[in-house]
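Engineer: Below you'll find the structure I mean.
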Ligand code: NAD
Ligand code: UFG
């Protein structure tokens, strides 16, 4: 199938391009490079042997989308494009709502005009309310988001749900990602955050390589086995394969489907530090710091619905996540700038 991959030069998008090609599909990428480097797509070619057609531009540019739909017989879209930094979304909320919601609406408008009514949307575990019990199921309560980024995902889901309700020809799959980490095993593609990383795994690997002095562990007085926050870390290649599995579902079902992409296992911050040190034979100096505002003690998925209906489950373990994060980091200390 020919798949329009918005945000395909980014972290999850580039890994998904590899898995789409491996499965015999053809990705067509649109990305404005706001948070990515086009070298990621050259590396996708190195890995797969197949060049990716790339349009540099904004998903909110309706004329550009029309041009792309005219040039290719697109079967479905995977919509990754969006801004994703929680802290930044509190500082520039309007830009987040503008970017994340208008891109979704423009894309759907052009898709509907062209009769392409199949879309997979990058949602997040952040749409779940804080008061839920663990593990989080797709039926758990959503809303009460703690930041504008989370609301854009919540609202994005709602827009797509309403589109599918109004027109029975639409197939919409909402994928709620837990904590994506790791990199392709080749070490050729991975995550390279701009500036100081917000997320745990890039901070650990930048500390291990000496770019950061020490990791701050945000809180050790949570109600968890060692007092540090517990999350459901998922290898990005498993996550990417979840999209390929969701495409089969998309093509055989109408209406809306929502699925967790997680492993079902939670690890604490200190579990991840120790696993990283063991997997890679490196030291990760850390200090205990105050809690980070807005953090939960524990968050992990029940992935049973994805296993049952998408026939997908994660196959990479914690050691694979740590090994592949380090492989990418150590081969590309400055990401794609090297
Ligand atoms: P990323 O920043 O690496 O990738 C997003 C890509 O979208 C970037 O290449 C960026 O340049 C592009 N982009 C942004 N706005 C655009 C626009 N208007 N037009 C065209 N391109 C645009 O992020 P990622 O980690 O790969 O995340 C992909 C998606 O998954 C995002 O929607 C994100 O919110 C969602 N998600 C990510 C995580 C995570 O922890 N990484 C967790 C849950 C959900
Ligand atoms: N942490 C530290 N030190 C750091 C960074 C993180 O101790 O320098 C801790 C956090 O306090 C938390 C855990 O590591 O306990 C994970 O934090 P991340 O920032 O890596 O991930 P979050 O669970 O906070 O959030 C991520 C994404 C969100 C997404 C959410 C759920 O950043 O966009 O997962 O999918 F919504």
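The values are calculated or read from the model by the stated rules, or taken from the named source; none is laboratory data. Note that the structure is a prediction, hence the values are computed from the model and not measured. In this analysis, Cβ positions are derived from the backbone assuming ideal geometry, glycine residues included, and neighbour counts consider all displayed protein chains.
The rows are residues; the columns are (1) in contact (Cβ under 8 Å) with a residue 12 or more places away in the chain; (2) within 16 Å of ligand 1 (Cβ to nearest atom); (3) surrounded by 14 or more Cβ atoms within 10 Å (Cβ to Cβ); (4) more than 30 Å from residue 195 (Cβ to Cβ).
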site	(1), (2), (3), (4)
247	yes, no, yes, yes
258	yes, yes, yes, yes
262	yes, yes, yes, no
270	yes, no, yes, no
284	yes, no, yes, no
287	yes, no, no, no
290	yes, no, no, no
335	yes, yes, yes, no
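Engineer: Sticking with this structure for a sec: Here are some residues: 75, 46. Which one is more than 10 Å from ligand 1 (Cβ to nearest atom) and crowded, with 16+ Cβ neighbours inside 10 Å? Outline the logic, then answer.
Structural biologist: Values: 46 fails: crowded, with 16+ Cβ neighbours inside 10 Å.
Within the list 75, 46, the selection yields 75.
Engineer: Another question, if that's okay. So the check is Cβ under 8 Å with 6+ separation or different chains; which pairs have a first residue in the stretch 84-95 that's within 16 Å of residue 10 (Cβ to Cβ) and a second one that's modelled with pLDDT under 95 and more than 10 Å from ligand 1 (Cβ to nearest atom)?
Structural biologist: Final answer for the pair search is none.
Engineer: Within the stretch 202-233, which residues are in a loop (DSSP other than H, G, I, E, B) and either on the phi > 0 side of the Ramachandran plot or free of Cβ contacts under 8 Å to residues at least 40 places away in the same chain (or both)? Give the derivation first.
Structural biologist: Applying the first criterion (in a loop (DSSP other than H, G, I, E, B)) to the stretch 202-233 yields 209-214, 219-229, 232.
Result: 210, 212, 219, 227.
Engineer: Additional query: Within the stretch 309-333, count every residue that is more than 27 Å from residue 225 (Cα to Cα) and surrounded by 20 or more Cβ atoms within 10 Å (Cβ to Cβ).
Structural biologist: Number satisfying all stated conditions: 5.
Engineer: Against the condition in contact with a helix residue (DSSP H, G or I) (Cβ under 9 Å, 6 or more places away or on another chain) and either under 20 Å from residue 15 (Cα atoms) or surrounded by fewer than 23 Cβ atoms within 10 Å (Cβ to Cβ) (or both), how does residue 197 come out, does it pass?
Structural biologist: Numbers: in contact with a helix residue (DSSP H, G or I) (Cβ under 9 Å, 6 or more places away or on another chain): yes; either under 20 Å from residue 15 (Cα atoms) or surrounded by fewer than 23 Cβ atoms within 10 Å (Cβ to Cβ) (or both): yes.
Yes: the conditions hold for residue 197.
Engineer: Taking the stretch 207-231, which residues are near ligand 2 (Cβ under 8 Å from one of its atoms) and within 24 Å of the chain's Cα centre (by Cα)?
Structural biologist: 215, 216, 217, 218, 228, 229, 230, 231
Engineer: While we're looking at this one, here's another question. Can you tell me which residues in the stretch 135-155 are under 20 Å from residue 91 (Cβ atoms) and within 14 Å of ligand 1 (Cβ to nearest atom)? Spell out how you get there, then give the answer.
Structural biologist: Step one: of the stretch 135-155, the residues under 20 Å from residue 91 (Cβ atoms) are 145-155.
Selection gives 145, 147, 148, 149, 150, 151, 152, 153, 154, 155.
Engineer: Can you name the number of the only condition in (1) buried (at least 19 other Cβ atoms within 10 Å of the Cβ); (2) not in a helix (DSSP H, G or I) that residue 306 fails?
Structural biologist: Exception for residue 306: condition (2).
Engineer: When you scan the stretch 96-110, do you find a residue that is outside any helix (DSSP H, G or I), surrounded by fewer than 19 Cβ atoms within 10 Å (Cβ to Cβ) and at negative phi, even just one? Quick ask: steps written out before the conclusion?
Structural biologist: Pass one, the stretch 96-110, residues outside any helix (DSSP H, G or I): none.
Looking for residues that are outside any helix (DSSP H, G or I), surrounded by fewer than 19 Cβ atoms within 10 Å (Cβ to Cβ) and at negative phi, one finds none in the stretch 96-110, hence no.
Engineer: Residues of the stretch 250-284 being farther than 20 Å from residue 137 by Cβ, out of contact with any strand residue (DSSP E or B) (no Cβ under 7 Å at 6 or more places or on another chain) and in a loop (DSSP other than H, G, I, E, B), which ones?
Structural biologist: 281, 282, 283
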